[in-house]
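Contents: one structure, followed by commentary.
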Amino acid sequence: MQELVAKFEHVYIDQTAVGSSLARRLRELFPDDRVSVVEAPPLAAGELSAREFSRSKRLLYVTPFKGKFFKRCPGSRPGLSCCNYFVLNWGLQCDMNCSYCYLQSFINTPMLTIYSNLDDALNELREIGEAGLKAQALRVGTGETVDSLSLDPLTLYSQTLIEFFRDYPAWTLEFKTKSNKVDQFLNSPHAGNVVVSWSVNPQHIVEREEHGTASLSERLEAAHKCVGHGYRLAFHIDPMIWHPEWRENYGALVDEIAARFTPEQLPYMSVGALRFQPEQRAMMRERFGLNSYVTQAETFSGRDGKLRYDAAVRQEMFQFVLQRFHAHNPAWRLFMCMESPETWLKVAGTSPFKQPHMHDLFDPKVVRAAEAT
Ligand code: SF4
């Protein structure tokens, strides 16, 4: 906890959030001279310089979220295959620092913001349940604009969410993280419907590109703890980053996963390759310079406007990982997130919609529509 508290230079609490349990907890954890109650954001929003973006990770701002919490996963666009689920963003910005982070493409608030009104999000979920979806297989993910767990010892939001989802056993709650912060919820009673997922990369890439994150072995160790407490697991080998020794390093990563976990423990794993918005390139270069494979990558614009490796490179990397897993056990299953149907066909020889075991990852209406064409 001390390490987390030390990360932040100052905590600003909007006066409308003062009564929240989050504000009360932060006031207990942080020394008085590092907490202020404010009537308005102390720093104005606007385009951030690279320096301001880096500093925004060290200033905490607690305020209620005034809009709708729920929106659809941004991957569900025409021409892209992606797991179709609901995203609950309870904050904006991340305390860790990956060179490729897509937050660099759009964050314009100079502080790491955590929303104090998680209760309102739960009320929206209740309404969704009352609208007839309680018995349906809804998936809710929390790691899009903030890491699901890296700040969880401060917020304890995982405990509230796990408790809430006990009443919705048909629904799935997914945490997605590059941290190893799981101890705070391990003993929470749960309905077996919580997936804790990790983005994983070889340790060489963690050190070079994923600054401030847990090491690979810390992530795998945390995953082991979760299995031991009945939580479901998922790994995302994403983003795969090309570098001269990529075969050795990704091969070793697959071997380690296959040695420590079983296909039954990891029913769904995704792979994805480096992709980022063109507008974040300048900030990435300024923040991470030449000492990064990401800033030096040769990329091409895809149909969604993002920059990616050449399709042949991506396919070679995905095929390599898939074959390496299957050399251990043909029961390992992987899906390719944010990839075109062409890539699926070349790598897996099929469309995601044609694989029966993929159906529960996709909106049934989308699956039916795809199968009808
Ligand atoms: S952990 Fe995720 S959100 Fe945080 S810096 Fe890395 S990519 Fe961005």
Query raised in the report: Once the Cα atoms of helix 246-260 and of the chain are each reduced to a long axis, what angle between those two axes, in degrees from 0 to 90 to the nearest 10, is obtained?
Result: 80 degrees
Query raised in the report: If only Cα atoms are counted, what is the Rg of region 1-153, and what is its Dmax, in Å?
Result: 16.6, 51
Report task. In whole angstrom, note down how far apart the Cα centers of region 26-59 and region 284-311 are. Result -> 30 Å
Report summary line: Farthest towards the positive end of the dipole of the chain, among Phe261, Ile128, Ser36 and with Cβ unit charges of +1 on Lys and Arg and -1 on Asp and Glu, lies the Cα of Ile128
Query raised in the report: Which one of Asp95, Asp147, Asp32 has the biggest mean-square fluctuation once the chain is modelled by GNM with Cα springs under 10 Å?
Result: Asp32
Report task. Provide, in order from the shortest bin, the percent of all Cα-Cα pairs of region 78-202 in each 5 Å bin, continuing until the bin that contains the maximum pair distance. Result -> 2, 10, 20, 23, 20, 14, 8, 3, 0
Query raised in the report: Got a sec? Which residues in region 160-190 would a label at Met1 touch, if it sits 7 Å along Cα→Cβ and we count backbone N under 13 Å?
Result: 184
Query - Label-point gap, in nm, between His211 and Arg34 - each point 7 angstrom along Cα→Cβ - result: 2.0 nm
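Is the shape of region 168-327 best called rounded, prolate or oblate, per the rule: a/c under 1.5 gives rounded, else a/b larger than b/c gives prolate, else oblate, with a ≥ b ≥ c the square roots of the Cα gyration tensor eigenvalues? Before the final figure, lay out the partial values.
Working: a/c = 1.85, a/b = 1.63, b/c = 1.13.
Prolate, because a/c is 1.5 or more and a/b exceeds b/c.
In this model, which of Lys181/Lys225; Lys178/Lys346; Lys7/Lys57; Lys178/Lys225; Lys176/Lys225 are farther than 18 Å apart at the alpha-carbon? Spell out each step's value before the answer.
Numbers: Lys181/Lys225 11 Å; Lys178/Lys346 30 Å; Lys7/Lys57 8 Å; Lys178/Lys225 15 Å; Lys176/Lys225 15 Å.
Beyond 18 Å between Cα atoms: Lys178/Lys346.
Quick one: putting +1 on the C-beta of Lys and Arg, -1 on the C-beta of Asp and Glu, what dipole do you get for the chain around its Cα centre, in Debye to the nearest 20?
Values: 41 positive and 44 negative charges, 121 e Å.
Charge dipole of the chain: 580 debye, to the nearest 20.
The numbers here are math on the coordinates, done by the rules we state, and not lab data. The structure displayed is predicted, hence computed values, not measured ones. Here the Cβ is made from the backbone with ideal geometry for all residues, glycine too, and neighbour counts use every protein chain on show.
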